[in-house]
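One structure is given below, encoded as structure tokens.
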Amino acid sequence: MALWSGRFEEDVSDFTQRFGASLPVDKRLYAQDIAGSVAHAQMLAAQGVIAAKDAAAIEKGLAAIQAVMDAGEFEFDINNEDIHMSVESVLTEAIGDAGARLHTGRSRNDQVATDTRLYMKQRASDLMAANLGLREALLEAAEKHFGVILPGYTHLQHAQPVLLSHHLLAYVWMFTRDFERLAAARTAADANPLGAAALAGTTYPLDRFATTAALGFSHPVPNSLDAVSDRDFLLDLIYACSVSCLHLSRLCEELILWSTVEFGFITMADAYSTGSSIMPQKKNPDFAELIRGKSGRVVGDLVALMMTVKSLPLAYNKDLQEDKEGALDAADTLEDCYLCAAGMISTMAVHPEAMMAQAKKGYLAATDVADYLAKKGMPFRRAHEVVGHLVLLCDKRSCDLEDLTLADFQAESDLFEADIVEALNLEAIVAARTTYGGTGHEAVKVQLEEAQAAQAADHARL
Ligand code: ARG
């Protein structure tokens, strides 16, 4: 029999009961549902709406239910549409009238919004912790491989040499920004809808500030219509997850490329690779590919909820029941991806000689040769052209800039002198990029310290 059985003469069919249920998804919110009910009951008693002994019976009854649920022994019945009805029906069965008084001045509309906000505040914190785990792995790798040089790319063409640490730190900053987005999503969830009831507030003298304090929210949602229909906090969280998944997909794409025979920059640990059932030689970066693939699914979760709330009139509409599955999925997926990516980074083998061998190809010193001329007074545009001619010469001879003689250089410009050899040295080229945020060794040391400081500061925000 449904909670609203008074007005109905017929039950829904088994099919529509199942179709309309959110229990398979929202049973994960049981602890938050119970916490919300305890806070509500205590507030009702404090306000004289229910008797103190009823509130005590409710609290005791809920504690017993929670113990069974914690033990994983609660038998969920799909005839209860959601977690709220599951808990309430068992409570009322156990303690009678006191249980039936719990829902005074409350609706499942404010209840579900409260549960979801409480749950997502926790999940945002979990994700922030996992985000720090991945950043830690990247920071450790950046420290461990300090000094290793690899080609930096634009258009996936060799551009200029960079430190591997610099490359890894670029990802650290992406994930540092993601931490900020997750923190913002946690703040967005941190408002209490309880007391909004179905949509308009109630005639009971509810103290919304008391439940706000009891549940650890920062403030009550100021408008009851908004309280029951706002899902921005979920959009914010899924958006934060989506952006971070996009960053992970970029990182994983590079790890996949770097572990090809063509690059050979890294070897993934066996624990993060799989073989082939037919090709005995294969070692595939499956997990990096999987993370890359999962980014699509999380962006899908975001688009799905955006479409669900699009054009929804105020206030609660059953469409909103579709909110949780994607949000939970996005959070679960990102958490696993963070964990997996951190493991891949901390266990991969780096091959500095392969990186250096590639850095020596593709005229990575060309910009610095042009700078050499410009520093001797030649306008940079003219210097660019001179070095372009030298590169063309190398192309024709199938050699590198290093293989050219001083006479070859001087044939293009008499500003070239014997010290041009130093301008071709990759270590020196990297080290010379001393500007803040550049790839020079000293600049990267400063950056590493800043990233570590941000890491420590963010730890304190968990
Ligand atoms: N199961 C519902 C949900 O997840 C709870 C709120 C139901 N409210 C209602 N008026 N049908 O959204």
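The values are calculated or read from the model by the stated rules, or taken from the named source; none is laboratory data. Since we're looking at a predicted model, the values are computed, not measured. Neighbour counts are summed over all protein chains in view; Cβ atoms, including those assigned to glycine, are modelled from backbone coordinates with ideal geometry. Ligands, DNA and RNA are excluded from the accessible area calculation, which covers all protein heavy atoms including side chains. Shrake-Rupley method; radii C 1.70, N 1.55, O 1.52, S 1.80 Å.
Roughly speaking, what is the centre-to-centre gap between segment 434-455 and segment 122-145 when only Cα atoms are used, to the nearest Å? When both Cα centres are located, 18 Å separates them. The H on the amide N of I149, modeled in the peptide plane, is under 5 Å from the matching H of L164, each at least 5 residues off or on a different chain. Spin-label model, L290/K445: points 7 Å from Cα along the beta carbon direction are separated by 4.1 nm. Derived scalar couplings between HN and Hα for segment 122-131 equal 5, 5, 4, 5, 4, 5, 4, 5, 5, 4 Hz in order, rounded to whole Hz, by the Karplus curve 6.51 cos²θ - 1.76 cosθ + 1.60 (θ = phi - 60°), x for Gly and Pro.
Set the Förster radius R0 to 30 Å, insert the Cβ-Cβ distance between A31 and K318 as r into 1/(1 + (r/R0)^6), and round the FRET efficiency to 0.05.
Working: r = 24 Å, r/R0 = 0.81.
Efficiency, rounded to the nearest 0.05: 0.80.
Cross-link partners of K144 among aspartates and glutamates, defined as those whose alpha carbon lies under 15 angstrom from its own and excluding same-chain residues fewer than eight positions apart: E136, E449.
Using a 1.4 Å probe on the protein chains only, how many percent of the accessible area of segment 374-462 belongs to carbon and sulfur? Please report the intermediate quantities before stating the final value.
Details: 2940 of 5260 Å².
For segment 374-462, the apolar C and S fraction of the accessible surface comes to 56 percent.
Starting from 0.36 nm per residue, how many nanometres of slack lie between A129 and A354 once their C-alpha separation is accounted for? Don't skip to the answer; put the middle values down first.
Working: separation 225, 0.36 × 225 = 81.00 nm, distance 3.43 nm.
Gain in length upon complete extension: 77.6 nm.
Taking only protein heavy atoms and a 1.4 Å probe, the accessible area of segment 74-153 is 44% carbon and sulfur. Once each of the GluC sites (Glu not before Pro) sitting in a DSSP loop with at most 12 other beta-carbon atoms within 10 Å is removed, the chain keeps 76-261 as its longest stretch.
Shown in residue order for segment 290-298 are the 3J(HN,Hα) couplings computed by the Karplus curve 6.51 cos²θ - 1.76 cosθ + 1.60 at θ = phi - 60°: 5, 4, 4, x, 5, 4, x, 5, 6 Hz (x for Gly and Pro). Phi angles across segment 182-187 convert, under the Karplus curve 6.51 cos²θ - 1.76 cosθ + 1.60 with θ = phi - 60°, into 3J(HN,Hα) values of 5, 4, 5, 5, 5, 5 Hz, Gly and Pro given as x. Taking every C-alpha pair closer than 8 Å and separated by at least 6 residues, the mean separation divided by the residue count of the chain gives a relative contact order of 17 percent.
For segment 18-59, the carbon plus sulfur part of the accessible surface works out to 59%, probe radius 1.4 Å.
Leaving out same-chain residues fewer than 8 places away, which lysines sit with a Cα under 30 Å from that of K60? Cα-Cα hits under 30 Å: K27, K121, K324.
Stretched out straight at 0.36 nm per residue, the stretch from T187 to M307 would grow longer than its current Cα-Cα span by 40.9 nm. Extending 7 Å from Cα along the Cβ direction at K396 and again at H459 yields two label points whose distance is 6.0 nm. Spin-label model, A67/K361: points 7 Å from Cα along the beta carbon direction are separated by 6.9 nm.
Extension gain N223-T435, at 0.36 nm per residue separation less the Cα-Cα distance, in nm?
Details: separation 212, 0.36 × 212 = 76.32 nm, distance 5.07 nm.
Working it through step by step, the gained length comes to 71.2 nm.
Please find the FRET efficiency linking L3 to R250, where r is the Cβ-Cβ separation and R0 is fixed at 45 Å, and quote it to the nearest 0.05. It comes to 0.40. Given a 1.4 Å probe and the protein chains as shown, K376 ends up with an accessible area of around 70 Å². Seen from all directions on average, the chain presents a Cα convex hull projection of 29.7 nm². Normalised by the number of residues in segment 322-462, the mean separation of alpha-carbon contacts (under 8 Å, six or more apart) gives a relative contact order of 16 percent.
Leaving out ligands and nucleic acids, and using a 1.4 Å probe, what accessible area per residue does segment 328-401 come to in Å²? Don't skip to the end; give the middle numbers.
Numbers: 3390 Å² over 74 residues.
Accessible area per residue, segment 328-401: 46 Å².
In terms of solvent-accessible area of protein heavy atoms at a 1.4 angstrom probe, what is the ranking of K294, K53, highest value first? Walk me through the numbers before you get to the answer.
Numbers: K294 60, K53 150 Å².
Ranking K294, K53 by accessible area, largest first, yields K53, K294.
Helical runs (DSSP H, four residues minimum) scored at -39500 (n - 2.57) apiece and divided by the length of the chain put the mean residue ellipticity at 222 nm at -20500 deg cm²/dmol.
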